[in-house]
């Protein structure tokens, strides 16, 4: 009655174990970076602030505006949280929101929570903050415009990632899920953009000091601008390609060995990847899967290091 | 609003209620992982998992169908999996025409679709049961014991604490909007009235945004006040609980039993 589920929360059972675990690894590493950065840069004062801000995002998602025919638009909040609180704090706040939605309301699963946090909390924050930060010296109009674009893109990025995860798990067909998800979220994203822009405009007008520009050095934003820009480019280029030519994307995935990742029984987690010395046994594929996860973990760790060094 | 309007906890004296929250969180997670590991069409194992769920329901004294009644929540998402009905090659079962395209349901597609739904349905029920038999602060405490970073559990604890307060604030804002935005009086349907209130869609979106900004400012200022009040009461960066949460022997037995059952389930699913 108080709470309207957003269509991006994946429940348990819809993603394969491998996809869920890989998403958890990426999410956990990013959150680890966020926690160590936040512990260093903020005092204990910030923790109650972030808690109340998480409750704010949760409550703000209930503010809706009627669109037409009984449907209404409302906020998801990832981009807004990152813009007003900074990227790392924004990520932690969104993580708390998604965790409570899953734990308390079963809106989104537990095993797939890593994927949900990645789609709705981490990527949205990177895009929101990165793009907004890239115009930090500009006029108010430019800033608000860019914030709107970032909010729209963050929703699209979440929808695109969700579709890709569902497809890699063998739950949906690429040619249908991408156009359907992106089509719906292009509209939802418009609502998100409008609310984000007017909320920011309101804050800029009444308490401009809260969106303090001088609080972080210019150098600190560089890594975020890069990250946000890259993810945005990824969304902008992959979405049309995937919608127009799903077979093409499937071919690419097939060549990379992704496809069918979760379509068969779990003991064939990566069907083509068996370890020669173990033969084609269940153990062999489990070990292969574990190695795959470890490789992904190391790559994300290195990327995280790089980003940390830059920022 | 009453403080527990969001709460999913049901107070009862039962075996599951008394169990250590760590055990409950751990078993829930293992159960969900086990569901994800079961192969498509492992009907006996799915049935066995459901029996385990039934046992948990009975042990919770909430009634054998408690989690069943609340499990519809994941159903809308099933729509997203519907394409596997047609996309996996197999023996055609039936076909129909829609928008000039012929859709053919295959046996392999149906098998996969039903398996996805059952997995999701079993998993969501265990999660529902978990919050029904565990107080949320205990749940957070369990997460802390299970090595979830303290900063995250503290944020979650604050979120839970102030959720009710800020929701009240939102309702105040929404009520104010409804009573002030020029609604057409006398129209029969409330929705219609709300839709006509004020100006066009863009204007309504802008107002919603202003309200979000307003809520942000109020929350921000409130967080300041909260922090000062906490400092005054001796807050030093840590939240404490009165529940000792000690693992008793019954907790260990329950964990061992649940894990044995889940292993048996996996064995049934494979052989």
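So is residue A:145 assigned to a loop (DSSP other than H, G, I, E, B) and either within 27 Å of residue B:171 (Cβ to Cβ) or over 15 Å from the mean Cα position of the chain (by Cα) (or both) or not? So residue A:145 fails the test. Residues of the stretch A:165-179 that are part of a helix (DSSP H, G or I) and either touching a residue at least 12 places away in the same chain (Cβ under 8 Å) or touching a strand residue (DSSP E or B) at 6+ places or on another chain (Cβ under 9 Å) (or both): A:165, A:166, A:168, A:174, A:175, A:177, A:178, A:179. I'm checking my understanding of the structure. Among residues of the stretch B:9-32 that are buried (at least 19 other Cβ atoms within 10 Å of the Cβ) and within 11 Å of chain A (Cβ to nearest Cβ), which one is nearest to residue A:169 (Cα to Cα)? Among residues in the stretch B:9-32 that are buried (at least 19 other Cβ atoms within 10 Å of the Cβ) and within 11 Å of chain A (Cβ to nearest Cβ), the one nearest to residue A:169 (Cα to Cα) is B:32.
Can you find a residue that is closer than 26 Å to residue B:157 by Cβ and out of contact with any strand residue (DSSP E or B) (no Cβ under 6 Å at 6 or more places or on another chain) anywhere in the stretch B:69-79? Looking for residues that are closer than 26 Å to residue B:157 by Cβ and out of contact with any strand residue (DSSP E or B) (no Cβ under 6 Å at 6 or more places or on another chain), one finds at least one in the stretch B:69-79, hence yes.
Residue pairs whose Cβ atoms lie under 7 Å apart, separated by 6 or more positions or on different chains, with the first residue in the stretch B:235-264 and farther than 18 Å from residue B:146 by Cβ and the second in a loop (DSSP other than H, G, I, E, B), are B:237/A:44. Across the stretch B:231-261, the number of residues qualifying as away from chain A (no Cβ under 14 Å) and not in a loop (DSSP other than H, G, I, E, B) comes to 13. Taking each residue of the stretch A:123-141 that is surrounded by fewer than 24 Cβ atoms within 10 Å (Cβ to Cβ) and looking for partners that are not in a helix (DSSP H, G or I) with beta-carbon atoms closer than 9 Å, six or more apart or interchain, yields A:136/A:213; A:137/A:213. With respect to the conditions (1) within 11 Å of chain A (Cβ to nearest Cβ); (2) part of a strand (DSSP E or B), residue B:143 lacks only one, and its number is (2). Restricted to helices (runs of 4 or more DSSP H) entirely inside the stretch A:8-120, those with at least 1 residues that are within 26 Å of residue A:168 (Cα to Cα) and more than 10 Å from every other protein chain (Cβ to nearest Cβ) are A:17-41, A:78-85, A:87-105, A:113-117. Between B:161, B:175, the distinction of being modelled with pLDDT under 90 and out of contact with any helix residue (DSSP H, G or I) (no Cβ under 8 Å at 6 or more places or on another chain) belongs to B:175 only. Does the stretch B:185-193 contain any residue that is part of a helix (DSSP H, G or I) and at pLDDT 90 or above? No, there is no match, as no residue in the stretch B:185-193 is part of a helix (DSSP H, G or I) and at pLDDT 90 or above. Here residue B:91 meets each of (1) buried (at least 17 other Cβ atoms within 10 Å of the Cβ); (2) more than 30 Å from residue B:59 (Cα to Cα) with one exception, condition (1).
The values are calculated or read from the model by the stated rules, or taken from the named source; none is laboratory data. Keep in mind that this is a model prediction, so the values were computed, not measured. A quick note on method: Cβ atoms are made from the backbone with ideal geometry, for glycine too, and the neighbour counts reach across all protein chains shown.
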